[in-house]
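Colleague: Below are the structure tokens for one structure; questions will follow.
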Amino acid sequence: MVKACLFCFFLILYFSSTFAQEKWSAKGYPNPLSEYFLCNAVFNQSPNRVCDPDRIFEDQERSQLNDLLNGLEGKTGQTNTSNCSQKGITGVIVLASRINGGTSRDASNMAIQLLNKWTFDRCDRGILILLAKDDKKFWTARGQDVPVTGAVFTEIFNSQASLFKQGQFYQGLVNMLNEIGNRVNS
């Protein structure tokens, strides 16, 4: 009986660690705009712009990031306009514990593939922020018409790098989203 219980314990431990160590790719990563449940979305929010299948953040943190992302479009331009030159930035945050490969190149490729795959912004003014927590990788992909350059995104990230190094990912992302809005409006 003791051997059977030990076997069951190790079997459960094995499977729980196997599932917890899933490495995400662009092919299998859920779309926050359509696969709410897989993204651990807060259901009373629409549209959902934060995907956190590994539950890196608490519900309240995901909800607040989602609110900031939904507000970014209005802060950086006009909402509900068909004129692309007046439209604000549409953003999505992709969170994962680990990604396939785990390198900066892998993070870059995954972010670009998801940005292109999801087409969440018809005006090409979309940004996708990818954070792979355990791989310690961060990448921002942007549409061609986003009024913030890659160099500015790098500068904004570098200003928050100490928070990310300390594991304060939520606060780092909040600060970045606020700074993106400020830079577009200055």
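Colleague: Across segment 75-186, how large is the tail of the calculated P(r) beyond 23 Å, expressed as a percent of all Cα pairs?
Modeller: Details: 1671 of 6216 pairs.
That fraction is 27 percent.
Colleague: Right, here's the next one. Of Lys117/Lys165; Lys27/Lys137; Lys23/Lys165; Lys23/Lys87; Lys87/Lys137; Lys27/Lys87, which pairs sit farther than 23 Å apart, going by alpha carbon to alpha carbon?
Modeller: Details: Lys117/Lys165 30 Å; Lys27/Lys137 18 Å; Lys23/Lys165 21 Å; Lys23/Lys87 35 Å; Lys87/Lys137 30 Å; Lys27/Lys87 29 Å.
Table pairs above 23 Å Cα-Cα are Lys117/Lys165; Lys23/Lys87; Lys87/Lys137; Lys27/Lys87.
Throughout, read-outs are computed from the coordinates displayed, never taken from laboratory work. This is a predicted model, so every value here is computed, not measured.
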